[in-house]
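Take a look at the structure below.
The values are calculated or read from the model by the stated rules, or taken from the named source; none is laboratory data. What you are looking at is a predicted structure, and each value in this text was computed from that prediction instead of being measured. Here the Cβ positions follow ideal geometry from the backbone for every residue, glycine too, while neighbour counts run over all protein chains shown.
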Amino acid sequence: MRSILLALALLAAPAAVQAQAAAPPETCVAKDADLPPELAAWRDRAPLAAARGVSGLDKAVLAPGKAYAATLSPAADVTYPVKPDRPAIPDGKGGLLAFDAPVAGTYAVALGAGAWVDVIKDGVALRSTAHGHGPACSTVRKIVNFDLRPGRYVIQIASSAETTLPILVTVKP
(Lines give C-alpha, C1' and ligand atoms only; values in the text may rest on other atoms or scores of the structure.)
Protein backbone atom coordinates (compact mmCIF):
# COMPACT_ATOMS: atom_id res chain seq x y z
CA MET A 1 0.00 0.00 0.00
CA ARG A 2 2.84 2.37 0.85
CA SER A 3 4.34 1.72 -2.57
CA ILE A 4 1.11 2.67 -4.29
CA LEU A 5 0.75 5.88 -2.25
CA LEU A 6 4.37 6.80 -2.93
CA ALA A 7 3.91 6.17 -6.65
CA LEU A 8 0.77 8.33 -6.72
CA ALA A 9 2.54 11.12 -4.84
CA LEU A 10 5.44 11.04 -7.29
CA LEU A 11 3.05 11.16 -10.23
CA ALA A 12 1.23 14.17 -8.79
CA ALA A 13 4.44 16.10 -7.97
CA PRO A 14 5.27 17.16 -11.56
CA ALA A 15 1.71 18.46 -12.02
CA ALA A 16 2.01 20.53 -8.84
CA VAL A 17 5.38 21.91 -9.95
CA GLN A 18 3.96 22.75 -13.39
CA ALA A 19 0.96 24.49 -11.86
CA GLN A 20 3.25 26.53 -9.62
CA ALA A 21 5.56 27.43 -12.51
CA ALA A 22 2.59 28.43 -14.67
CA ALA A 23 1.18 30.77 -12.04
CA PRO A 24 1.24 34.34 -13.30
CA PRO A 25 3.96 36.53 -11.81
CA GLU A 26 3.00 38.83 -9.00
CA THR A 27 1.79 42.09 -10.45
CA CYS A 28 2.05 45.54 -9.05
CA VAL A 29 0.62 48.87 -10.00
CA ALA A 30 3.41 51.14 -11.23
CA LYS A 31 3.82 53.99 -8.80
CA ASP A 32 6.57 56.51 -8.48
CA ALA A 33 5.94 57.74 -4.94
CA ASP A 34 8.83 55.78 -3.43
CA LEU A 35 11.61 56.52 -5.92
CA PRO A 36 15.15 57.01 -4.59
CA PRO A 37 16.30 60.65 -4.21
CA GLU A 38 18.31 60.64 -7.46
CA LEU A 39 15.09 59.79 -9.37
CA ALA A 40 12.71 62.06 -7.41
CA ALA A 41 12.37 64.48 -10.37
CA TRP A 42 10.93 61.61 -12.46
CA ARG A 43 7.38 62.42 -11.37
CA ASP A 44 7.35 65.99 -12.77
CA ARG A 45 8.15 65.92 -16.51
CA ALA A 46 8.47 68.94 -18.78
CA PRO A 47 7.55 68.52 -22.45
CA LEU A 48 10.45 68.65 -24.92
CA ALA A 49 10.60 67.86 -28.64
CA ALA A 50 13.60 65.72 -29.58
CA ALA A 51 15.62 66.98 -32.54
CA ARG A 52 15.60 65.14 -35.85
CA GLY A 53 19.23 66.02 -36.55
CA VAL A 54 22.23 67.68 -34.91
CA SER A 55 21.25 71.08 -36.34
CA GLY A 56 18.15 71.09 -34.09
CA LEU A 57 19.92 70.19 -30.85
CA ASP A 58 20.03 73.78 -29.55
CA LYS A 59 16.24 73.48 -28.98
CA ALA A 60 16.40 69.97 -27.46
CA VAL A 61 18.64 70.44 -24.41
CA LEU A 62 18.04 68.49 -21.21
CA ALA A 63 19.11 69.75 -17.80
CA PRO A 64 20.57 66.97 -15.64
CA GLY A 65 18.33 66.31 -12.67
CA LYS A 66 15.14 67.37 -14.51
CA ALA A 67 12.72 64.90 -16.10
CA TYR A 68 11.19 65.34 -19.53
CA ALA A 69 8.49 63.86 -21.72
CA ALA A 70 10.43 63.82 -24.98
CA THR A 71 8.40 63.79 -28.18
CA LEU A 72 10.03 61.50 -30.71
CA SER A 73 9.73 61.37 -34.51
CA PRO A 74 9.45 58.49 -36.94
CA ALA A 75 12.94 56.99 -37.14
CA ALA A 76 12.99 57.48 -40.92
CA ASP A 77 12.87 61.26 -40.28
CA VAL A 78 15.84 61.24 -37.86
CA THR A 79 19.42 61.72 -39.04
CA TYR A 80 21.54 59.99 -36.39
CA PRO A 81 25.12 61.22 -35.89
CA VAL A 82 26.18 57.60 -35.25
CA LYS A 83 24.34 54.54 -36.54
CA PRO A 84 22.50 52.96 -33.59
CA ASP A 85 23.74 49.47 -32.67
CA ARG A 86 20.21 48.11 -32.40
CA PRO A 87 18.34 47.30 -35.60
CA ALA A 88 15.35 49.57 -36.23
CA ILE A 89 11.94 48.25 -35.26
CA PRO A 90 8.98 48.61 -37.64
CA ASP A 91 7.34 52.01 -37.12
CA GLY A 92 10.06 52.85 -34.59
CA LYS A 93 10.50 56.34 -33.19
CA GLY A 94 13.66 58.20 -32.32
CA GLY A 95 15.30 61.53 -31.77
CA LEU A 96 18.28 63.45 -30.47
CA LEU A 97 18.70 65.36 -27.22
CA ALA A 98 21.68 67.25 -25.82
CA PHE A 99 22.85 67.81 -22.27
CA ASP A 100 25.80 69.35 -20.50
CA ALA A 101 27.69 67.36 -17.87
CA PRO A 102 28.91 70.03 -15.44
CA VAL A 103 31.21 67.69 -13.49
CA ALA A 104 33.00 64.42 -14.12
CA GLY A 105 31.12 61.40 -12.85
CA THR A 106 28.75 58.58 -13.60
CA TYR A 107 25.60 59.80 -15.31
CA ALA A 108 22.44 57.71 -15.44
CA VAL A 109 20.02 57.97 -18.36
CA ALA A 110 16.61 56.75 -17.20
CA LEU A 111 13.90 55.90 -19.74
CA GLY A 112 10.21 55.25 -19.20
CA ALA A 113 9.76 52.91 -22.16
CA GLY A 114 11.79 50.43 -24.14
CA ALA A 115 14.22 52.15 -26.52
CA TRP A 116 17.85 52.03 -27.58
CA VAL A 117 19.95 54.84 -26.08
CA ASP A 118 23.43 55.98 -27.05
CA VAL A 119 25.43 58.83 -25.57
CA ILE A 120 27.60 60.49 -28.21
CA LYS A 121 30.68 62.69 -27.75
CA ASP A 122 32.66 64.06 -30.70
CA GLY A 123 30.95 61.69 -33.14
CA VAL A 124 31.65 58.55 -31.10
CA ALA A 125 29.11 56.43 -29.20
CA LEU A 126 30.40 55.97 -25.66
CA ARG A 127 30.38 52.60 -23.97
CA SER A 128 27.93 52.26 -21.10
CA THR A 129 29.31 51.21 -17.72
CA ALA A 130 26.10 49.59 -16.43
CA HIS A 131 22.49 49.09 -17.38
CA GLY A 132 19.43 47.66 -15.77
CA HIS A 133 15.79 48.13 -14.91
CA GLY A 134 14.37 50.94 -12.83
CA PRO A 135 13.08 50.40 -9.31
CA ALA A 136 10.46 47.67 -8.95
CA CYS A 137 6.87 48.77 -9.53
CA SER A 138 7.93 52.15 -10.94
CA THR A 139 7.45 53.63 -14.40
CA VAL A 140 11.25 53.79 -14.86
CA ARG A 141 11.79 51.02 -17.39
CA LYS A 142 15.52 51.23 -18.05
CA ILE A 143 18.61 52.96 -16.64
CA VAL A 144 21.92 53.11 -18.50
CA ASN A 145 25.07 54.53 -16.86
CA PHE A 146 27.96 56.33 -18.55
CA ASP A 147 31.21 57.69 -17.09
CA LEU A 148 31.49 61.24 -18.42
CA ARG A 149 33.82 64.22 -18.20
CA PRO A 150 32.52 67.80 -18.19
CA GLY A 151 31.16 68.82 -21.58
CA ARG A 152 28.25 68.63 -24.01
CA TYR A 153 26.85 65.23 -25.00
CA VAL A 154 24.21 64.01 -27.44
CA ILE A 155 21.70 61.34 -26.49
CA GLN A 156 20.31 59.45 -29.45
CA ILE A 157 17.14 57.46 -28.97
CA ALA A 158 16.22 54.72 -31.44
CA SER A 159 13.80 51.81 -31.73
CA SER A 160 11.14 53.24 -29.43
CA ALA A 161 7.59 52.03 -29.94
CA GLU A 162 6.35 55.13 -28.12
CA THR A 163 6.02 58.68 -29.49
CA THR A 164 6.46 60.22 -26.04
CA LEU A 165 9.39 58.96 -23.99
CA PRO A 166 9.92 59.87 -20.33
CA ILE A 167 13.64 60.59 -19.82
CA LEU A 168 15.84 61.81 -16.98
CA VAL A 169 19.60 62.33 -16.91
CA THR A 170 21.10 62.44 -13.44
CA VAL A 171 24.59 62.30 -11.99
CA LYS A 172 24.97 59.34 -9.64
CA PRO A 173 25.79 60.19 -6.03
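For the stretch 90-130, which residues satisfy the criterion of being under 19 Å from Ser160 (Cβ atoms) and either assigned to a loop (DSSP other than H, G, I, E, B) or free of Cβ contacts under 8 Å to residues at least 40 places away in the same chain (or both)?
To start, the set of residues in the stretch 90-130 that are under 19 Å from Ser160 (Cβ atoms) comprises 90-99, 108-120, 125, 128.
Of everything in the stretch 90-130, those that are under 19 Å from Ser160 (Cβ atoms) and either assigned to a loop (DSSP other than H, G, I, E, B) or free of Cβ contacts under 8 Å to residues at least 40 places away in the same chain (or both) turn out to be Pro90, Asp91, Gly92, Gly112, Ala113, Gly114, Ala115, Val119, Ile120, Ser128.
Scan (1) free of Cβ contacts under 8 Å to residues at least 12 places away in the same chain; (2) closer than 17 Å to Ala50 by Cβ; (3) among the small types (Gly, Ala, Ser) for the single condition Ala161 breaks and write down its number.
In the conditions (1) free of Cβ contacts under 8 Å to residues at least 12 places away in the same chain; (2) closer than 17 Å to Ala50 by Cβ; (3) among the small types (Gly, Ala, Ser), Ala161 misses (1) alone.
Here is a list: Lys83, Lys93. Which entry is within 16 Å of the chain's Cα centre (by Cα) and more than 18 Å from Pro135 (Cα to Cα)?
Only one candidate passes the filter, namely Lys93.
Among the residues of the stretch 33-63, which ones are part of a helix (DSSP H, G or I), among the hydrophobic types (A, V, I, L, M, F, W, C), within 23 Å of Pro135 (Cα to Cα) and touching a residue at least 60 places away in the same chain (Cβ under 8 Å)?
Of all residues in the stretch 33-63, those part of a helix (DSSP H, G or I) come to 37-43, 54-59.
Next cut, among the hydrophobic types (A, V, I, L, M, F, W, C) only: 39-42, 54, 57.
Keeping just the survivors that are within 23 Å of Pro135 (Cα to Cα) gives 39-42.
Listed by number, the residues that qualify are Leu39, Ala41, Trp42.
Among the listed residues Leu96, Leu72, which satisfies the condition of being hydrophobic (A, V, I, L, M, F, W, C), buried (at least 16 other Cβ atoms within 10 Å of the Cβ), over 16 Å from Val171 (Cα atoms) and in contact with a helix residue (DSSP H, G or I) (Cβ under 8 Å, 6 or more places away or on another chain)?
Of Leu96, Leu72, the one residue that is hydrophobic (A, V, I, L, M, F, W, C), buried (at least 16 other Cβ atoms within 10 Å of the Cβ), over 16 Å from Val171 (Cα atoms) and in contact with a helix residue (DSSP H, G or I) (Cβ under 8 Å, 6 or more places away or on another chain) is Leu96.
For the list (1) at positive phi; (2) exposed (fewer than 13 other Cβ atoms within 10 Å of the Cβ), I need the number of the one condition that Ser159 fails.
Of the numbered conditions (1) at positive phi; (2) exposed (fewer than 13 other Cβ atoms within 10 Å of the Cβ), the odd one out for Ser159 is (2).
Please specify each residue of the stretch 131-156 satisfying the condition of being farther than 24 Å from Ser73 by Cβ, in contact (Cβ under 8 Å) with a residue 40 or more places away in the chain and either surrounded by fewer than 20 Cβ atoms within 10 Å (Cβ to Cβ) or of a type in the set (D, E, K, R) (or both).
Of everything in the stretch 131-156, those that are farther than 24 Å from Ser73 by Cβ, in contact (Cβ under 8 Å) with a residue 40 or more places away in the chain and either surrounded by fewer than 20 Cβ atoms within 10 Å (Cβ to Cβ) or of a type in the set (D, E, K, R) (or both) turn out to be Pro135, Ala136, Cys137, Asp147, Arg149, Pro150, Gly151.
If you check Arg127 against the conditions, is it within 17 Å of the chain's Cα centre (by Cα), modelled with pLDDT of 95 or more and surrounded by fewer than 15 Cβ atoms within 10 Å (Cβ to Cβ)? Walk me through how you get there before you give the answer.
Details: within 17 Å of the chain's Cα centre (by Cα): yes; modelled with pLDDT of 95 or more: yes; surrounded by fewer than 15 Cβ atoms within 10 Å (Cβ to Cβ): yes.
It is true that Arg127 is within 17 Å of the chain's Cα centre (by Cα), modelled with pLDDT of 95 or more and surrounded by fewer than 15 Cβ atoms within 10 Å (Cβ to Cβ).
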